[in-house]
Amino acid sequence: MIPSPISLAPLSRCLYSTGVRPVVQLFTLLTAVFLVSCGKKESVVEVSEVRAFMSDDEMLKFYVPLEWKQTGATIPGMAMRTRRLNYQFGETGEISLSLTKGDLLGNANRWLGQFGVDPKTNLGEFESIPVLESKAVFLEQYGIYTQTKKDWGMLGALMMVEGDIVAIKMLGRASEVKAQKENFKKFCLHYNKYKVATDEK
């Protein structure tokens, strides 16, 4: 049986009139409230509405391996404002998804140039990988990165989405990058075009 609500005012006046210190009064009042509330039965709540679908829910459609931990950007020189996603794995591995401008060939050659590789003349010289209903330019390179990091590796995917280039890039120690190649391709295959294309720039 649920007890009837009680008024704590008489108890408070009684404590005050007897000279009980304010801290003791407060403790006594809280104890009384707790004892009353313990006697109440749990109420059953029916959910008749659900929140509106949010764009962030689209992120659930990504293929994200358990070993990839979402973090802030750490690659030097990368503007945070252009990044939409950033993950890290292992000791040195990092994956970023960002928006950029320009053309596919120019961006692909820029990435290759970071490893000292001569630019290619057309996109046909690159491998491609599936991305949803489309394809992306795929890059894989190992060696010295930006003349500072030896035995480094890169996997990259570039695709055009509504006038912007979606750039997915993995960097890290060569052995770690090679071990994540299949995970990288699966991530690219299931990447969320809606979230990237509609996010504020």
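The values are calculated or read from the model by the stated rules, or taken from the named source; none is laboratory data. Keep in mind it's a predicted model, so treat the numbers as computed, not measured. Neighbour counts run over all protein chains shown; Cβ positions are idealised from the backbone, glycine included.
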*Count of residues meeting criterion [at pLDDT 90 or above and outside any loop (DSSP other than H, G, I, E, B)] in segment 64-85*: 1
*asked:* over 19 Å from Y191 (Cα atoms), in contact with a strand residue (DSSP E or B) (Cβ under 8 Å, 6 or more places away or on another chain) and in contact (Cβ under 8 Å) with a residue 60 or more places away in the chain: is that true of G153 in this structure?
replied: no
*Output the residue which, of all residues in segment 134-163 that are polar (S, T, N, Q) and assigned to a strand (DSSP E or B), is surrounded by the most Cβ atoms within 10 Å (Cβ to Cβ).*
Q141
_One residue is enough: does segment 106-128 have a residue meeting the conditions of a type in the set (F, W, Y), part of a loop (DSSP other than H, G, I, E, B) and under 16 Å from F62 (Cβ atoms)?_
no
*State whether one or more residues within segment 97-112 are surrounded by 15 or more Cβ atoms within 10 Å (Cβ to Cβ), closer than 16 Å to A167 by Cα, modelled with pLDDT of 85 or more and within 14 Å of the chain's Cα centre (by Cα).*
yes
